[in-house]
Amino acid sequence: MKYCKHFGLENHRGARKMQRCYLRKGDKSSVNGVVQEGIDGMTCDGAELTFLGAKVGCPACNSTGAIVAKGPRWPDDNFMGKRPALDGDICACGCSPQPVMHASQTRMFESYTSGELAAMGFADGGRPIVRTEASAVPVAQPADTPAAVPASTFEGVQPFAYTGAFASGQVDELAARGVSEEDEGECFSQYEEDMEACNAARAMYQSPAYFQSCAQRAFQRYQQCRGY
């Protein structure tokens, strides 16, 4: 099991990667504020994923705040037209300092290599890289930073399609049967593989639209596998 605690790090297939878990409706802040909104149709373990700007009822300052982004994230990550909120984001409310949001699930997350973090302006662990004027000179990219490919290579490429048990004629049967704990593990493993493929395609094709479509299909495939 992977555990997210704000900007978690783990060794993944020999490479050190940072993980940030998705927040859900009902998740709490560091002062027990509760997320009140979710994304329709995007659920994880029975609760809707939530988004940047979602309302948070804060008992500490007796106000309604909103989730605000903090730390690294994929700039083009998009669920049903909304930017997903992540573990470690903050609540903009009347409190000072601003409360930190905590994810209650560890199954769904974004992950980044050290090279990808550096490209976004962050060091390992999610700390912003502070650059002085003297140090702002071109440097070689880390070995795990994907090389840019002309956008034209995206032409004619389609996101992965549903196959096998996910064919349209079998969705109802899947939804009716549910899944065992073992099947759940297999479904999540497939989701991880699908998201790795989406991230690889993001680097190769340099297309936010492709990644959004790919990520949504991966999530829908995961939900169908689990019987939803």
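The values are calculated or read from the model by the stated rules, or taken from the named source; none is laboratory data. Not measured: the values here are computed from a predicted model. All Cβ positions, glycine included, derive from the backbone under ideal geometry; neighbour counts span all protein chains shown.
Among the residues of the stretch 31-40 satisfying the criterion of being part of a loop (DSSP other than H, G, I, E, B) and closer than 17 Å to GLN105 by Cβ, which is farthest from the chain's Cα centre (by Cα)?
If we take residues in the stretch 31-40 being part of a loop (DSSP other than H, G, I, E, B) and closer than 17 Å to GLN105 by Cβ, then GLU37 is farthest from the chain's Cα centre (by Cα).
Go through the stretch 42-134 and tell me which strands (runs of 3 or more DSSP E), entirely inside it, have 3 or more residues that are out of contact with any Pro (no Cβ under 9 Å at 6 or more places or on another chain).
So the answer is 63-68.
Do you know which residues across the stretch 178-212 are of a type in the set (Ser, Thr, Tyr), surrounded by fewer than 17 Cβ atoms within 10 Å (Cβ to Cβ) and either within 21 Å of LYS17 (Cα to Cα) or modelled with pLDDT of 75 or more (or both)?
Of everything in the stretch 178-212, just one residue is of a type in the set (Ser, Thr, Tyr), surrounded by fewer than 17 Cβ atoms within 10 Å (Cβ to Cβ) and either within 21 Å of LYS17 (Cα to Cα) or modelled with pLDDT of 75 or more (or both), namely SER189.
Output the residue which, of all residues in the stretch 20-30 that are assigned to a loop (DSSP other than H, G, I, E, B) and not basic (Lys, Arg), is surrounded by the most Cβ atoms within 10 Å (Cβ to Cβ).
LEU23
What about ALA123, is it modelled with pLDDT of 80 or more, more than 30 Å from GLU37 (Cα to Cα) and out of contact with any Lys or Arg (no Cβ under 9 Å at 6 or more places or on another chain)?
Here the answer is yes, as ALA123 does meet what is asked.
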